[in-house]
Amino acid sequence: MTSSNPPDVPKERPVDVTVATLSPDLDQDPDVDGAARYGVVGQGVRRTFDLVVAVDRMDLRVPPGRVTALVGPNGSGKTTLMLMMAGLLAPDSGHLTVAGANPVTQSSAARSAIGWMPDVLGQWETLTCREVLTTFADAYRIPAEQGRARAAELLGEVHLSELADAPARVLSRGQKQRLGLARALVHDPQVLLLDEPASGLDPRSRVDLRILLRRLAGQGKAVLVSSHVLSELDDLADGAVFVSRGRTVDARTIEAMTRSMRRWQLVALDPEQLRTWLREHGVAEVVDPTAARPEHVLVELPSSQAAAALLRDLVRDGVPMVSQAPAAGALEQVYLGLESDRR
Amino acid sequence: MTTQTPVAVPRAVRGAWALSWQGVRTVMRLELRQRVRSSRWQLMLGLFFLTIGILSGLVMAVSGFDQGSGSFLYGAVAWLVLTLGLLVAPALTSTSVNGDRAAGTLAPLQMTLLSPAEIAIGKLLAGWITSLAFLGTAIPFLLLAMIPGGTGVGRFLVTTLMMALMLLTVCAIALGWSALTARSVSSAVMTYLTTAFLCIGTLILFGVSYPLVTQDEQVRVLVDPPLGPDFDYSTPIPESECMESTSTRSVAHTEATWWLLAANPYVVVADAAPGGEGEDVFALIKSGVRSAQAGPDEPLNECYASRDFSDASNPLTGGELEEGAIPVWPFGLVINLGLGALGVGVAVSRLSTPVRRLPRGTRIA
C-alpha cells in the first residue's frame, strides 16, 4: 500500500473552508481528486436501526492528501457513517468505496487499507503498550521483525516510549487515546478514520496530533476526522463535510455562506466611538445575546476584502482599534449557521 | 521521526473461514496473556486445586485406600474432576466475545486482517488451554487414586483425554453463546443450562421416554418347569432345565432411546475408558448404557428356582457387557463435538463483518 502514490493534489491550503463537493464535473474525470482510488467515496449511504434512521442518504468524498472534517451535532449519524466506512456495519443502501474497495464485498482489501480509531476506548488492561502494538502488527500479518520496529517507532511518535513496557491500565485517558492512535497506524493505512481523536488530549498532545495528521496527509493519506471541537478543526482540516439528522447538508449552501457572509469581532479602546462610527457609515452591528463580551462589537462582512477595507477606514478616521478578527472559526460559523437554519 | 519502517501488509483476499496458524496464535496469545496476568486466575486455580484435594480426601477417607477400594476410588475421583471441570469451563469462555464487545476491544480486532474463524478459534483454544490447566491441577489426585490398584494406565489416559475433549466441547458451546448474546450474564447462564441439559437433562429425557418405549408384548420367557401339585415344598427344589414359553411381559425398548444417554459427557468418558471393574462409577455407567443400547433380552430369563446361584458364570442379571454391543462413546463424541462445532460456527458468523442486522442490545464498537 505504501508504494502506491496518490495523484498530485493541490498542496496550498485554501483560506476558507471548502466543502468537498459531490460531483466535480462528472463528464471530465469522475475521480479527479483520487478519492475513489485512494480515499473514501460515499453516495446515497443509508442505514437504519429498527425504526430509527441513523444515516439517511449521506454523500461524501474524502480525497487523499487532505484532512477532511466530519462535522455534525450529536446523533447526526457521524459514528454510524464511520462504522460503515470501516466495514463493520453494512449500509442498507447506497454505495461506499474505501481505497478502491467495497468494504462489504471486498472486506479484507478494505480492511488492510483502513486505520480506524473508534470513539469508545477499548483497552487490553494487562498488556503493555508495546504488546498492544505488536499484537496488532501480527494481526495485520506484518512480519514480526517489522512489527517490533514499527511499534517502537509509533510509540516514539505518540510520545509513549517511556511507558512502552507499562501495562495499558496505568495510562491516563489522553495517553490511552494516543495509544489508540498509534494502534490505528500500525499497518501504515492509506485511509485514516478517526472518531473524536482529540477528546481527552491536553493542549500539547492536540498540537502533536495536528502535526501528525497534517504530515500523514502530506504523505498522501486520506484522513477523515470527526470532532465537536470546531476551533481545532479550523487549523487541521482542508475540507469539511457537514452532516445533520443523517444527511449531508447541501455543500453549495455552506460554501456560499462561508464565502459570502462571515461574522467579525471588532474591539476598540472606546466601544461607543466605534459604534457611533459604524452607525454613521451604515454598517449594521449584529446583536447577539450569546456574545462573549458586550464591549466587543460584532459585524457581518461579505468577504475578507470587505474586512480589510473596513479596518482601513476605521484606522483612517481615528477610531482607536485594538483588534479585528473573525468572531469564531469558519467551521463554527458555518455549523452554527446550519443549526439556526434548522430552528 | 524522519525515516519510517516500511510495513508489508499482504492484500490477499481473506474470507470468513480463512485460517492460518499465525492468526489463531495471535488471538490465542492475546487472550492467554490477559488471563494469565490477572491475579484472579491464580486464585481460581488455587481454589480449584484445594476443592479437588479436599473432596478427594473425603472420598478416600470413606472408601479406604487398599486393593479392594481401588476401582471405586479412581471412579469417584475421576467423576469429581469431570464435574468440577464442567463447572469451571463455561466460566472461562462464556464471556470471550460479548465481554470483549462490551469492553470495546473486539471491533479493533475485527478490523484487522484476522478472519472471523481465526478470532473464534483463537478464543476457543485459549479457553480450552485454560480449562486444561484446571484439569492438570487435578491429575495428581487421579494418579493418587490409581495407587491402590485396579486401574490400568490405559484407563487413566483415556479418561483424561475424554475429559479434555468434553471440556473443549463446553468451551466451544460457551463461545457460541457468548457470540450470540449481548450480555455476559446471559451467555454464562445459557452455557450452564446447556451443560446441565447434557449432564442431567439427557438422563431426565431418557427417564421420561422410558414409559413411552415400554409396552406389553408377547415375548419368549424362560421359566422354571412346573413342579406339579404333588410337590413337597419342604424339600429342596430340584435342579432342572429351564423351560421356554411365550408370555406377555412389559418390555422397555431402550434400544430406541439409548442415544439420549450417549450425549451425556459422563457417558462418553465412561464408555470410552477401557478396563474398570466392580464399583468404579464409570464402569457402572458403561454397563448400564450398553445394556440400554442392547434393549430387552430375549428370551427373558425368569428361571430363578432351578438356577445354581453358586455358579458365577450364570449370574442373575446380565452384569457383563453385552456381547457384540457397539461402543456408545463414538456417538456421544460426535454429538458433543457437533454441538461444539455449532458453537464455533455461530461465533464465526457473528464475528463476520460487516454486520447487516444488528441484534437488539448489541453494539459494534
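The values are calculated or read from the model by the stated rules, or taken from the named source; none is laboratory data. In this text the structure is predicted, and so the values were computed from the model without any measurement. Glycine gets a Cβ as well: all are built from the backbone with ideal geometry, and neighbour counts include every protein chain shown.
Below is a table of values for the structure above.
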{"read-out": "Residue match in the stretch A:158-170 (condition: in a loop (DSSP other than H, G, I, E, B), facing chain B (nearest Cβ under 10 Å) and surrounded by fewer than 17 Cβ atoms within 10 Å (Cβ to Cβ))", "value": "no"}
{"read-out": "Enumeration of residues in the stretch A:133-148 that are buried (at least 17 other Cβ atoms within 10 Å of the Cβ) and within 9 Å of chain B (Cβ to nearest Cβ)", "value": "A:T135, A:F136, A:A137, A:D138, A:A139, A:Y140, A:R141, A:I142, A:G147"}
{"read-out": "Among residues of the stretch A:91-116, those that are more than 9 Å from chain B (Cβ to nearest Cβ), touching a residue at least 40 places away in the same chain (Cβ under 8 Å), out of contact with any Phe, Trp or Tyr (no Cβ under 8 Å at 6 or more places or on another chain) and buried (at least 19 other Cβ atoms within 10 Å of the Cβ), counted", "value": "3"}
{"read-out": "Among residues of the stretch B:204-225, those that are of a type outside the set (S, T, Y) and part of a strand (DSSP E or B), counted", "value": "9"}
{"read-out": "Lone unmet requirement of (1) surrounded by fewer than 17 Cβ atoms within 10 Å (Cβ to Cβ); (2) farther than 17 Å from B:L109 by Cα; (3) in contact (Cβ under 8 Å) with a residue 12 or more places away in the chain; (4) among the acidic types (D, E) for A:E196", "value": "(1)"}
{"read-out": "Where B:G23 falls short, out of the listed (1) more than 19 Å from A:E145 (Cα to Cα); (2) facing chain A (nearest Cβ under 10 Å)", "value": "(1)"}
{"read-out": "Options B:A120, B:A103, B:A126; residue that is aliphatic (A, V, I, L, M), under 30 Å from A:L192 (Cβ atoms) and at pLDDT 95 or above", "value": "B:A120"}
{"read-out": "Check on B:I54, more than 14 Å from chain A (Cβ to nearest Cβ), among the β-branched types (V, I, T) and farther than 24 Å from B:N336 by Cβ", "value": "yes"}
{"read-out": "Complete set of residues in the stretch A:79-90 that are small (G, A, S) and either on the phi > 0 side of the Ramachandran plot or more than 7 Å from chain B (Cβ to nearest Cβ) (or both)", "value": "A:G87"}
{"read-out": "Residues being modelled with pLDDT under 90 and in contact with a Phe, Trp or Tyr (Cβ under 8 Å, 6 or more places away or on another chain) - total across the stretch B:45-72", "value": "1"}
{"read-out": "Any chance B:A12 is touching a helix residue (DSSP H, G or I) at 6+ places or on another chain (Cβ under 8 Å), touching a residue at least 40 places away in the same chain (Cβ under 8 Å) and within 14 Å of chain A (Cβ to nearest Cβ)", "value": "no"}
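Rundown of residues vs (1) assigned to a loop (DSSP other than H, G, I, E, B); (2) more than 24 Å from A:V334 (Cβ to Cβ), yes/no style:
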| residue | (1), (2) |
| --- | --- |
| A:D188 | yes, yes |
| A:L192 | no, no |
| A:A198 | yes, no |
| A:D208 | no, yes |
| A:V225 | no, no |
| A:H228 | yes, no |
